[in-house]
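J.: After the structure tokens below, expect a handful of questions from me.
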Amino acid sequence: MKWRLQQMPVSNRWYPVLQRYIGYLAARVDGLGGDSGGIEPSPKGIPPRRPKKCLEREYTGKICEVMFDCYGEFEGFMLSECGEKQTFRTRERGIGEIALRACRERFLVSVYVTDDERSHFCRIVFRC
């Protein structure tokens with residue numbers, strides 16, 4: 001409704017009616033414990049989704065070790081970064097295939113993780 005009001009010229013005879021109706025709706029939202037001022041105008045009637053901000057930490061180096069459990073299932077990999085080694089644990093098969101290739105071909109890899117939890121990858125980048 002707010003979006004529609006923004007599209008309407010102020011000279012339109014329905015402008016004050018719509019403005020008053022939006023005031024009633026805002027009062028109801030506030031009365032139910034919501035925040036009507038925080039709702040942005042949207043043509044679809046739902047608030048626009050903002051992508052979740054990923055607080056990233058970057059580790060760059062070469063994969064020096066790919067780890068498997070006693071059943072041969074992929075378990076994680078180790079990234080060597082100027083003498084420091086970082087271990088990343090995951091059981092995702094796709095990540096395992098990428099890690100094996102990067103280790104075999106000695107690619108420089110950047111791993112971006114969330115909040116210093118090395119099991120939640122935001123992305124993995126191969127550096128050329």
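Rule-based calculations on the coordinates, nothing more; no lab input. Worth saying up front: this structure is predicted, and the values here are computed from it rather than measured. Because the Cβ atoms are built from the backbone with ideal geometry, glycine has one as well, and the counts that use them run over all protein chains shown.
J.: Calculated from DSSP H runs of 4 or more alone, at -39500 (n - 2.57) each and per residue, what is the 222 nm mean residue ellipticity of the chain, nearest 500?
T.: Taking each H run of at least 4 residues, the total per residue is -8500 deg cm²/dmol.
J.: Considering the options C122, F77, A99, tell which one lies farthest towards the positive end of the dipole of region 56-127, charges being +1 on Lys and Arg and -1 on Asp and Glu at the Cβ, about the Cα centre.
T.: Final value for the positive-end residue is A99.
J.: In the chain, once you exclude exposed chymotrypsin sites (Phe, Trp or Tyr not before Pro) (DSSP loop, at most 16 other Cβ within 10 angstrom), what's the longest stretch remaining? Let's see the in-between values first.
T.: Details: sites that count: W14, Y71, F107.
Within the chain, the longest run free of exposed chymotrypsin sites (Phe, Trp or Tyr not before Pro) spans 15-70.
J.: Measure nothing fancy, just the Cα-based angle from helix 15-31's long axis to the longest principal axis of the chain, in degrees from 0 to 90, nearest 10.
T.: 60 degrees
J.: Return a single number: how many Lys pairs in the chain, at a sequence separation of 8 or more or on separate chains, have alpha-carbon atoms below 30 angstrom apart.
T.: For the chain, qualifying lysine pairs total 10.
J.: In debye to the nearest 20, how big a dipole does region 6-49 give about its Cα centre with +1 on each Lys and Arg Cβ and -1 on each Asp and Glu Cβ? Could you put the intermediate results ahead of the total?
T.: Working: 5 positive and 3 negative charges, 41 e Å.
With Lys and Arg at +1 and Asp and Glu at -1, about 200 debye.
J.: In the chain, once you exclude exposed trypsin sites (Lys or Arg not before Pro) (DSSP loop, at most 12 other Cβ within 10 angstrom), what's the longest stretch remaining?
T.: Values: sites that count: R13, K44, R49, K52, K53, R91, R106.
Between the exposed loop sites, the longest stretch runs 54-90.
J.: Given an 8 Å cut-off on Cα distances and at least 6 residues of separation, report the relative contact order of the chain as a percent. All intermediate terms of the calculation are to be shown ahead of the outcome.
T.: Working: 181 pairs, mean separation 24.7, N = 128.
It comes to 19 percent, rounded to a whole number.
J.: Could you point to the label whose value was computed as Cα extents along the principal axes in Å for the structure here, given (1) 72, 33, 25; (2) 37, 36, 25; (3) 50, 35, 28?
T.: So the structure-derived entry is (1).
J.: Enter the angle in degrees (range 0 to 90, nearest 10) between the Cα long axis of helix 93-105 and the first principal axis of the Cα atoms of the chain, meaning the one along which they spread out most.
T.: So the helix axis and the longest Cα principal axis differ by about 50 degrees.
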